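For reference, the structure is listed below as structure tokens.
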2 protein chains.
Amino acid sequence: MSVLVVGSVAYDGIEAPAGKVDRILGGSATYISLASGYFTQPVRLVGTVGYDFAESDKKLLKDKGVDMEGFKVDESGLTFFWKGRYHENLNNRDTLDTQLNVFEHFDPVIPEVYKGSRIVCLGNIAPELQLKVLDQVRGPKLTICDTMNFWISGSREALDEVIKRVDVLIINDQEAQELTGESNLNVCARKIRQMGPKYLIIKKGEHGAVLYSEQDMFSAPAFPLKTIVDPTGAGDSFLGGFAGWLSWSDRINEENLRRAVVYGSVMASYCVEDFGPNRLTQLRKFDIDTRYDVFKKMSQIPGRL
Amino acid sequence: MSVLVVGSVAYDGIEAPAGKVDRILGGSATYISLASGYFTQPVRLVGTVGYDFAESDKKLLKDKGVDMEGFKVDESGLTFFWKGRYHENLNNRDTLDTQLNVFEHFDPVIPEVYKGSRIVCLGNIAPELQLKVLDQVRGPKLTICDTMNFWISGSREALDEVIKRVDVLIINDQEAQELTGESNLNVCARKIRQMGPKYLIIKKGEHGAVLYSEQDMFSAPAFPLKTIVDPTGAGDSFLGGFAGWLSWSDRINEENLRRAVVYGSVMASYCVEDFGPNRLTQLRKFDIDTRYDVFKKMSQIPGRL
């Protein structure tokens, strides 16, 4: 199944306990596409960058299976730039700089050939733009949406409309709590699913991820990393792995959704092992399969005696 | 295999968002014994209470399979009393009152017939007392220990000696972090296992529990409760379910340790559904098995396609 990804393409400056980088490829659509491309190609990316976007980064995306028809270079300005600093525990971060640049005027126009995409990934952008995408695509098999606190507090009405219309919402635990005003994640899940989405995935960082659906609940652990270099893009890589693997599997059912959650977790676990997408761009199929099997083994509960 | 439990027997006053009780049976040895008794009987409890200990509570323990030879009534004073208030999120609590009473002079003298017990459970008491127990028992098959922040900061030397000598240490995430000065739980686990115990279980509350051993790592989810009435005794119930089931299984291997972690999680999940041990004392085998199967189903990862 074809995958459409809409989101940001950016440069990031990152400070973390493990070190810092001044400028590295980033953005939700970038991470989603890179992770997704391991399972399905081409990945249809709709995004915009400025005149400063490096040829080498464009080449990287192409080499990783990204179709560039929806990738627009806006010569009027610079690429979206974000700079942040992670705290010692890596669960919190401060934004040091945000320069929207050409992304301020990003209007996701979906190319005609992309409109029939079977899987639609709405990266973390303004819900008004996510709605625009939903209005343009034609009968996708699965729509998947990410969001963040900024939109939960700032664009609630449009976000509620997005949540009502998508099939899968993927958010983290804090976002689920903010969205519902509840602290118990199982209560959050029930409330959010009542808002519309058939499937809800709550990401819990080092505590794994939980998939909620009508009949099923699936709890996946996190990969037992001893070092996390840079959490940037972990959530997007999760979404990309999830969507990309489902696309490859070509069949959406409860078993495959579980597998997709694990592949998402695998991609996120690799993502954080180096700055930006450095590790994510260097994987082999063997690495992904091996880690999948570790997830499977570490959560295996034997039957009762 | 015979199970020996050493710890506190107490009365608790509990305030929680769901309500309050002024005085209810409590104490680490109580919860461990009650949970353990579902799988193996008799449970050999060594503990002390005061002259105010109710006959009905004594009868309850007996009815639930507790052997009373090591259960001492000290007529010189009152039973240990603790009163606490849980915060809205239930993860934190304030101690409002602690009256050690006869527990202040608790000296765990192990009856001769208990000394050959195969599984020894050291509930959360002073590590100096835990060492006394270890000095009295003869070649147990498995020693299991719980502790808390109070001893980590206040009796570190004795606690280190206990940790060096036991087979299984069961603590929560905050305690693991305090014990090692590390924030990453996988790093904590490596450091703690280097301190001695063959097996380490880190309890993460709503995020489940993780078992670490030389060759294995096993991540169990938490049961998806929508309401938690009273967290008191959850950790002790975990230990009791873990130890009791292992005793019943009669064989300690990696598969059974995983099952034991799940049975521990099951008992803890029931414990928190009502105040004190109210729910824990009302279970049927069917309830326990059913919840075990839910744990198994919700963490099942299908094989790769």
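Results, tabulated for the structure shown:
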{"read-out": "GNM flexibility winner over chain B from B:Q41, B:Q99, B:Q215 (Cα, springs under 10 Å)", "value": "B:Q215"}
{"read-out": "Amide H within-cut-off set for B:D67, under 5 Å, with H built and near neighbours excluded", "value": "B:V43, B:R44, B:L45"}
{"read-out": "Beta bridges per DSSP with both ends in the stretch A:3-298, % antiparallel, nearest 5", "value": "40"}
{"read-out": "P(r) tail fraction, the stretch B:184-276 - alpha-carbon pairs more than 17 Å apart, %", "value": "49"}
{"read-out": "Filter on A:K83/A:K191; B:K141/B:K191; B:K115/B:K164; A:K72/A:K132 - keep pairs with C-alpha separation over 28 Å", "value": "A:K83/A:K191"}
{"read-out": "Choice from B:K203, B:K132, B:K59 with maximal GNM fluctuation in chain B (Cα, 10 Å cutoff)", "value": "B:K59"}
{"read-out": "Kirkwood Rh in Å, taken over the protein assembly as shown so that all alpha-carbon pairs contribute", "value": "25.8"}
{"read-out": "Distance from the stretch B:85-154 to the stretch A:87-160 (C-alpha centre basis), Å", "value": "53"}
{"read-out": "Most fluctuating residue given options A:A126, A:A209, A:A29, as computed from a GNM of chain A linking Cα atoms under 10 Å", "value": "A:A126"}
{"read-out": "Antiparallel bridge percentage (DSSP; both residues within the protein assembly as shown; nearest 5)", "value": "40"}
{"read-out": "Space enclosed by the convex hull of the alpha-carbon atoms of chain A, per residue, Å³", "value": "131"}
{"read-out": "Charge dipole (debye, nearest 20) of the stretch A:3-298; +1 at Cβ of Lys and Arg, -1 at Cβ of Asp and Glu", "value": "920"}
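Every number in this text was worked out from the coordinates using simple rules, so none of it is lab data. Keep in mind that what you see is a predicted model, and the values were worked out from it rather than measured. Ideal geometry is used to build each Cβ from the backbone, glycine not excepted, and the neighbour counts take in all protein chains shown.
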